[in-house]
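See structure below.
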Amino acid sequence: WLQIASNSPAVAAPRDQELAVAWANAGAAYLKQGRYGEAEAALQRALELRVPSNRDSEVFAAQVLNNLGVTYKSRALFKPAEASYTQAMKLLIGAGLGSGEEALILRNNVAELYREQGQLGKAEKLLRESLELREKALGPRHPKIADVLNNLAEVLRAQGRLDLAEAYHKQALSIREA
């Protein structure tokens with residue numbers, strides 16, 4: 001259907017938001033299938049077609065940029081991944097959502113990007129910020145806290161801070177087992 005859509009006169013219509021959503025959904029599906037080249041093309045098309053008119057549109061663009069960042073990271077294209085994540089964060093902050101769920105997911109993705117590149121200090125800083133924001137929003141015993149604690153423990157383990165990493169893993173397990 002994407003081949004038909006890309007040849008359709010409707011594609012030529014200026015900034016069709018519904019078509020942008022369809023391309024974004026296709027991009028997300030390709031990403032889940034590991035079809036990164038197709039995901040990148042579909043997500044880029046979604047960004048081209050979006051209607052930048054309101055807060056919802058900015059959140060949509062941030063989600064697409066996050067997926068684009070994941071696509072790049074999956075192909076070890078770290079600089080474009082970081083650029084996509086940075087642009088997405090700017091949109092979320094501009095929409096007043098710099099500490100919302102989308103921004104927290106984005107922080108985690110950037111931290112993972114830094115961890116993969118060996119930039120462990122940067123990864124740790126982002127994960128600590130994310131942990132603080134999530135604890136404020138969700139409370140200290142929420143399952144999403146356990147996810148951040150595990151990610152932080154892995155960064156600490158990579159830094160050789162094994163005692164602290166173990167403590168965070170145990171804290172995450174305690175949350176999961178509750």
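Before moving on, here are some points about what is shown:
- Counting Lys and Arg as +1 and Asp and Glu as -1 over every other residue whose Cβ lies under 14 Å from the Cβ of residue 169, the net charge comes to -1.
- Taking Cα atoms only, the orientation of helix 162-177 departs from the longest principal axis of the chain by about 70 degrees.
- For the chain, the longest principal axis of the Cα atoms and the long axis of helix 101-116 meet at an angle of about 70 degrees.
- The stretch 90-130 - percent relative contact order, Cα under 8 Å, separation 6 or more: 33 percent
- Largest first and in whole Å, the equivalent-ellipsoid semi-axes of the chain read 34, 17, 14, each the square root of five times a Cα gyration tensor eigenvalue.
- Whichever lysines have a C-alpha closer than 25 Å to that of residue 122, once near sequence neighbours (fewer than 8 apart) are set aside: 73, 79, 90, 136, 144, 170
- Relative contact order [Cα under 8 Å, 6+ residues apart], the stretch 90-178, whole percent: 22 percent
- Measuring only protein heavy atoms, the 1.4 Å probe finds residue 50 accessible over about 40 Å².
- The chain - percent relative contact order, Cα under 8 Å, separation 6 or more: 12 percent
- Once the Cα atoms are used to define both axes, helix 120-138 deviates from the longest principal axis of the chain by about 90 degrees.
The values are calculated or read from the model by the stated rules, or taken from the named source; none is laboratory data. Only a predicted model underlies this, so the values are computations on that prediction, with no experimental measurement involved. Here the Cβ is made from the backbone with ideal geometry for all residues, glycine too, and neighbour counts use every protein chain on show. Accessible surface areas use protein heavy atoms only, side chains included; no ligands, DNA or RNA. Shrake-Rupley method; radii C 1.70, N 1.55, O 1.52, S 1.80 Å.
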